[in-house]
């Protein structure tokens, strides 16, 4: 497996993985019409824009093997003065869950920052919560999920998200299992 920074040409593969992950794990929180409809187009627009900017405030790291995208993580450096850097996305292909890829990706981006680090996870995504707890994350607060693209029709009800925190990114930086 290789780990590298994403480039603009990675946008379609990242968007496809992101859409698949949302379809698998966000049912009940996001509207079925969105998940079964334009979620891939939505994610492609987001990732094409993110990867085109080359911002110094963000990092997107991908894991791949033999040309196949296995996972990705997106970090926003110094996102919040209290909570620190934000892991905005972490997704691993379904058939590679529990293989160490998520831990490797988190460890890699954690080495990019100093101080606290945080992320948001949907309340219903209990498997992801268990993973984040296993690597030292703690729930700091609960908030209502904002609709993707600002469109309330993309949500089902008023789903909640949990802010998972680590007081120091070094807690995650040393967890690379060397997959």
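No lab work stands behind these numbers, since they all come straight from the coordinates. Worth saying up front: this structure is predicted, and the values here are computed from it rather than measured. We place every Cβ from the backbone using ideal geometry, glycine too, and count neighbours over all the protein chains shown.
Maximal additional length on extending the residue 23-residue 94 stretch stands at 24.4 nm, based on 0.36 nm per residue less the C-alpha distance. On full extension, the segment bounded by residue 134 and residue 1 gains 45.6 nm, given 0.36 nm per residue less the C-alpha separation. Simple spin-label estimate for residue 126 and residue 53 gives 3.6 nm between the two label positions (7 Å along the Cα-to-Cβ direction from each Cα).
Summary value for the stretch 82-177: 39 percent relative contact order, contacts being C-alpha pairs under 8 angstrom separated by 6+ residues. The separation of the stretch 6-27 from the stretch 86-138, counted between C-alpha centres, amounts to 16 Å.
Placing one identical point scatterer on every Cα of the stretch 1-81 and ignoring solvent, what is log10 I(q)/I(0) from the Debye formula at q = 0.12 Å⁻¹? Log-scaled intensity ratios, in q order: -0.38. Taking each DSSP H run with n ≥ 4 as -39500 (n - 2.57) and averaging over every residue of the chain yields -9000 deg cm²/dmol at 222 nm. At full extension, residue 142 and residue 78 could sit 21.0 nm farther apart than now, given 0.36 nm per residue minus the alpha carbon distance.
Taken over the C-alpha atoms, the stretch 10-131 has Rg and Dmax values of 14.2, 40 angstrom. Between 31, 134, 63, the GNM of the chain built on Cα springs shorter than 10 angstrom shows 134 fluctuating the most. Convex hull volume of the C-alpha atoms in the stretch 108-158, normalised per residue: 122 Å³. Here the relative contact order of the stretch 2-173, from alpha carbon pairs under 8 Å that lie six or more residues apart, stands at 22 percent.
Spin-label model, residue 16/residue 65: points 7 Å from Cα along the beta carbon direction are separated by 1.8 nm.
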